[in-house]
1. Being among the aromatic types (Phe, Trp, Tyr) and more than 12 Å from the chain's Cα centre (by Cα) is the filter here, so list the residues in the range A:95-130 that pass it.
2. Would you check which residues across the range A:49-61 are among the small types (Gly, Ala, Ser) and within 12 Å of chain B (Cβ to nearest Cβ) and list them?
3. Would you pick out the residues in the range B:43-66 that are surrounded by fewer than 17 Cβ atoms within 10 Å (Cβ to Cβ), in contact with a Lys or Arg (Cβ under 9 Å, 6 or more places away or on another chain) and not small (Gly, Ala, Ser)?
4. Return the total of residues in the range B:50-80 being outside any helix (DSSP H, G or I) and in contact with a Leu (Cβ under 7 Å, 6 or more places away or on another chain).
5. Can you find, within the range A:1-48, the residue that is surrounded by the most Cβ atoms within 10 Å (Cβ to Cβ) among those that are within 24 Å of residue A:138 (Cβ to Cβ), within 13 Å of chain B (Cβ to nearest Cβ) and of a type in the set (S, T, N, Q)?
6. Going through the range B:181-193 one residue at a time, which ones are out of contact with any Ser or Thr (no Cβ under 7 Å at 6 or more places or on another chain) and either crowded, with 24+ Cβ neighbours inside 10 Å or closer than 19 Å to residue B:238 by Cβ (or both)?
7. All but one of (1) of a type outside the set (Phe, Trp, Tyr); (2) closer than 30 Å to residue B:416 by Cβ; (3) in contact with a strand residue (DSSP E or B) (Cβ under 6 Å, 6 or more places away or on another chain); (4) modelled with pLDDT of 90 or more hold for residue A:123, so report the exception by its number.
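The values are calculated or read from the model by the stated rules, or taken from the named source; none is laboratory data. These numbers were taken from a predicted model, which means no experiment stands behind them. Reconstructed Cβ throughout: ideal geometry from the backbone, glycine too, with neighbour counts over all protein chains shown.
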Amino acid sequence: MVRQISVFLENKFGRLSEATEAIGQAGVNIRALSVADTSDFGILRCIVSDTDKALKLLKEKGFTASATPVIAAEVPDVPGGLAKLLSIPRENDINVEYLYAFVEKSGDNAIVILRVEDIEGIKKLFEKGGVKVLSEAQVSSM
Amino acid sequence: MARKQLIWNKQDECMTDSKKEALQLERLQKLVARVYDKVPFYKESFDKAGVKPSDIQSMKDISKLPFTTKNDLAANYPFGMFAVPMKEVVRIHSSSGTTGKPKVAGYTRNDIKMWAETTARTLVCGNTTADDVVQNAYGYGLFTGGLGMHYGAENIGAAVVPISGGNTKRQLLVMQDFGTTKLCSTPSYCLFLSEAIREEGLEGKLKLNCAFLGAEPWTRELREQIEKNLTIDAIDIYGLTEVIGPGVSSDCLEKTGLHIFDDYFYPEIIDPVTEEPLPYGETGELVFTTLTKEAFPVIRYRTRDISRLMPGECACGRTHVRMARLTGRTDDMLIVRGVNVYPSQIEALLVQIPGVEPHYQILVDRKGAMDTLEIWVEVSENVFSDEIKNLEKLEKKIARDMESSLLIGVKMKLVEPKSIQRSEGKAVRIIDRRTVYDKE
């Protein structure tokens, strides 16, 4: 189980840049991120190298930020890799709220971050299906 | 201005001052005796002020009577202010009030008849006759606008089209096909219609010659724009539910001040702070006493509208005392698309929603002709959800609750914490970017 940082962003010029600047100022590195947007606001979701430090600084700077539990799964960086992973929740009728992915700097794998309602449940299913699930420490230190 | 001006009721509308004052006094004396006897609220407030009905010996003595405010109405909601038994009440209207207590107005048969007299006078201020086709785009229902103007038009014998508000396409169709000559609507809706008329290429093809615009404040500039766009007279009409509805006062074609039908509604201007009555020409708060209303009479009702009074002399021939166009309010009530909105209503709703911070802001603006009401709510950690659908659900819920309480559509916007200005003293909750009042 990995803690992802979610930050509420008003649809105002420069907000995304200011939020990422705050994370950078804390000396924290962003591993992966995605931005969900509507016409009125957005949510920045990111996996960072030091979740607690980044959350603290974001809050100090006046952002509404929280930690969301997500699951990090390792998949081989080949065509069909993601589809194979997603067959597991599909076959078990599990809804995936959202996901995003990034490639590892070294090695032949990609990391897929998924938000699912039942984290423990999907973790067991992935492990049963031979998928490697990463901890926060592993993802942060990549 | 050499234009011929019709008058609905020459006998009553062109009375000499002395005759009028005698009539007003007779009515006022009967009124105070009746409310003292029939309405516990007035008995209590008169006793508290140390005044008896017999103390009223001249119109000047009206200043001995205590004021009535919207809080008094809310405290006596719904029918505590009525002076007749329900059996005699034939109509009940209401309009928005503070924090869930709407203002309730009751009418007897005689009240309805009198109302139809005052709204007929209003329509004839714009030369309406039985030959006219009157398109009434004021809202029909609990609001007094629709039925108020309707009965006045019918009284004159004009052909009323009770179209109510909205559905612009249909409004234009009716205007063309039925040959509408007179329009009743809010000023902002009239402007909106005029733009739709231009877009449809209907300019010069309509029979419209006069519009009776009220239920919200509007500027001289807006009047000029409407009169130019549609080549019509745009008459300013004024009223409020607590006094009767529309039909309290109206511009005539001279447009130099609204004639108050002061044989029925006695006006005063007071200093809103000291509560002292002010002479003609001085700006202050409008106060009305309903001289003949039976079901729901009001004594020295504080309207919170700012204006000044002018003597009745007018080229039209009417002798009714005139009031200047409104220049503001003494409270924070807003009128958005013709509907009263109290910021306290909004606050009361927002604090009920779990987790919603008390930091909100109301933005009122006008996009083109239509008023917009936007409510900004700060997203605190309690309210924040990582899932877009949850935030959207929250936005929609707040908007829905607002709309059902305020009776107009609102736009909700979730904003970041600290987006809303904090202030030392009272928070700046409302930002009204419109200019709806004349500067003087």
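1. Going residue by residue through the range A:95-130, those that are among the aromatic types (Phe, Trp, Tyr) are A:98, A:100, A:102, A:126.
Matches in the range A:95-130: A:126 only.
2. Our first condition is that a residue be among the small types (Gly, Ala, Ser); within the range A:49-61, this holds for A:49, A:54.
Residues satisfying the conditions do not exist here.
3. Of all residues in the range B:43-66, those surrounded by fewer than 17 Cβ atoms within 10 Å (Cβ to Cβ) come to B:43-44, B:47-50, B:52, B:54-55, B:57-61, B:63-64.
If we keep only those that are in contact with a Lys or Arg (Cβ under 9 Å, 6 or more places away or on another chain) as well, we get B:49-50, B:55, B:63.
Result: B:55, single match.
4. Of all residues in the range B:50-80, those outside any helix (DSSP H, G or I) come to B:50-52, B:56-58, B:65-69, B:76-80.
Still in the list and also in contact with a Leu (Cβ under 7 Å, 6 or more places away or on another chain): B:51, B:56, B:58.
Number satisfying all stated conditions: 3.
5. A:4
6. Residues satisfying the conditions are B:183, B:184, B:185, B:186, B:187, B:188, B:189, B:190, B:191.
7. With respect to (1) of a type outside the set (Phe, Trp, Tyr); (2) closer than 30 Å to residue B:416 by Cβ; (3) in contact with a strand residue (DSSP E or B) (Cβ under 6 Å, 6 or more places away or on another chain); (4) modelled with pLDDT of 90 or more, residue A:123 is out only on (2).
Residue-wise test of (1) touching a residue at least 60 places away in the same chain (Cβ under 8 Å); (2) in a helix (DSSP H, G or I).
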{"position": "B:110", "(1), (2)": "yes, yes"}
{"position": "B:120", "(1), (2)": "yes, yes"}
{"position": "B:126", "(1), (2)": "yes, no"}
{"position": "B:131", "(1), (2)": "no, no"}
{"position": "B:138", "(1), (2)": "yes, no"}
{"position": "B:154", "(1), (2)": "no, yes"}
{"position": "B:203", "(1), (2)": "no, no"}
{"position": "B:216", "(1), (2)": "yes, no"}
